[in-house]
Amino acid sequence: MKVASRREMLRWAASASFASLMARAGWADEVEDVPIAFLDADKLKPAKGGMLDWNELKDWVIPTKDLYHVSHYGVAQVKEENYKLTIDGLVDKPQTLTLDQIKSKPAQEHTVTLECGGNGNPGFMCAIGNIKWTGTPLAPILRECGIKDDAVEIAFWGADSGMENVRDNQVKQNFSRSLSIKNAFREDLLLCYAMNGKPLTAGHGFPLRLVVPGWYGIAWVKWLTRIEARERPLMQRFMAKDYVTLRGQQQGDQVVYTQTSVGPMNIKSMVARAVRRKDGTIRISGAGWSDGTPLKNVELKIDDGPWISTTLGEQQKYTWTFWTYDWKDAPQGEHTLVSRATDEKGRVQPTADDPWIKLKKTYWESNQQYPRKIKL
Ligand SMILES: Nc1nc2c(c(=O)[nH]1)N[C@H]1C(S)=C(S)[C@@H](COP(=O)(O)O)O[C@H]1N2
Ligand SMILES: [Mo]
């Protein structure tokens, strides 16, 4: 077994599985915690597996088999032998790299939470997971290629493609997303070839995908085959048509509607589990996350009670943070539990009837509080 770092130990000690391991090992008085079923457990249970089951969330890093998939043009089948990554466009020195050449560059491993911009809508609440990603940083490669001064953005192209209709023209387009020069040069973006210590699966983008910590999944281009420095912004489907947030904001007596491309993640949290401990306490746990801004707190509201602070596990940038609350003398019967995260910039997770959510017309970026029901 690998020796855990102090920070891993701290995080582990704050997690629910630590308590049950302690119990099993006979280190503590408690015997196994008894899980309590939520009345809405079925709604949050993935229909066919292959997705996060909130009710079972115990481990900070989830297994690859529990990570959701979103593939708009189906799963691209890329053979390693034929694989090449091209870096071209407005660059001084275009490059073509094989997978071995990419893997021979300095490797980094980052645990990062991946969330679909559509996560948080009825029937699609499980499109999130925290995974250990391995790859090489993008920025040094961009620097080697020499991005010309007139480039305004970097586009990332996938091997997958489909027919798109643009003002009555049917054309075949590859999946693509772009980032501003500033964002593309962030030191923590990865050209990623492994997840949880194993090569990417076909569904998750084998052999190479982009990892953009703190951004919704749409920016994490899978089956990445081309990186292009561009003079004009890309406006295709996944930048400017489909993954667009149409949001109304009150300005005086008018509602002004804006359309923005789905980008950084919004502050959010979820109630995941509840267990009855040996002393009768109900331990409620869940996760909170953001765009990389530290969480100030996650609060919990029980029925019509006040917001109460929960205990946060150790925070790590760009990952979800686990939280727990021990509810003593919980009365029998049905109860509603809802959590609310606040970050260090003062952003608060809104309720479903907050204008931030109410006046949002498209499905994306739904970060409203999610009440759950339990029966004791
Ligand atoms: N090439 C390509 N990359 C893609 C997509 C896609 O359809 N094609 N879907 C995006 C979306 S919307 C999300 S949420 C994530 C999902 O990543 P996963 O399938 O590995 O969970 O991949 C993103 N990258
Ligand atoms: Mo997505």
(request) From zero up to wherever the largest Cα-Cα distance of the chain sits, split into 10 Å bins and tell me the percent of pairs in each. (result) 5, 22, 30, 24, 13, 5, 1
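Ignoring everything except DSSP H segments at least 4 long, calculate the 222 nm mean residue ellipticity for the chain; use -39,500 (n - 2.57) per segment, divide by total residues, nearest 500. Provide the component values of the computation, followed by the final result.
On the way: 7 runs with 43 residues, N = 376.
Value at 222 nm, helices only: -2500 deg cm²/dmol.
In a shell of Cβ-Cβ distance under 13 Å around residue 189, excluding residue 189 itself, what net charge do Lys and Arg (+1) and Asp and Glu (-1) give? Walk me through the numbers on the way to the answer.
Details: positive: 143, 177, 182, 186, 209; negative: 187, 188.
Net of charged neighbours comes to +3.
If I take every Cα pair under 8 Å that is 6 or more residues apart in the chain, average their sequence separation and divide by the length, what percent do I get for the relative contact order?
Numbers: 875 pairs, mean separation 67.8, N = 376.
After rounding, I find 18 percent.
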(message) Out of the total accessible area of the chain (probe 1.4 Å, heavy atoms of protein only), what percent is carbon and sulfur?
(response) 52 percent
(request) Can you tell me the 0 to 90 degree angle between the C-alpha axis of helix 16-25 and the longest principal axis of the chain, rounded to 10? (result) 60 degrees
(message) Could you tell me the calculated FRET efficiency between residue 98 and residue 231, based on Cβ-Cβ distance and R0 = 30 angstrom, to the nearest 0.05?
(response) 0.60
(request) Calculate the radius of gyration of the Cα atoms of region 208-263 to one decimal place, then report Dmax, the largest Cα-Cα distance, as a whole number, both in Å. (result) 14.9, 49
(request) Could you list which residues have their amide H under 5 Å from that of residue 215, counting only those 5 or more apart in sequence or on another chain, with H placed in the peptide plane? (result) 265
(message) Quick check for you: with a 1.4 Å probe and neighbouring chains kept, what is the accessible area per residue of region 204-305, in Å²?
(response) 37 Å²
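Hey, can you rank 348-356, 284-292 by average C-beta count inside 10 Å, highest first? Kindly include the intermediate steps, with their values, before the conclusion.
On the way: 348-356: 15.7, 284-292: 24.2.
Descending packing order for the listed peptides: 284-292, 348-356.
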(request) Holding the Cα-Cα limit at 24 Å, pick out from 182/361; 58/132; 43/65; 58/296 the pairs that are longer than that. (result) 182/361
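The values are calculated or read from the model by the stated rules, or taken from the named source; none is laboratory data. All values derive from a computational prediction rather than experimental measurement. Please note: Cβ atoms are built from the backbone with ideal geometry, for glycine as well, and neighbour counts cover all protein chains shown. SASA here: full protein model, heavy atoms, side chains in, ligands and nucleic acids out. Shrake-Rupley method; radii C 1.70, N 1.55, O 1.52, S 1.80 Å.
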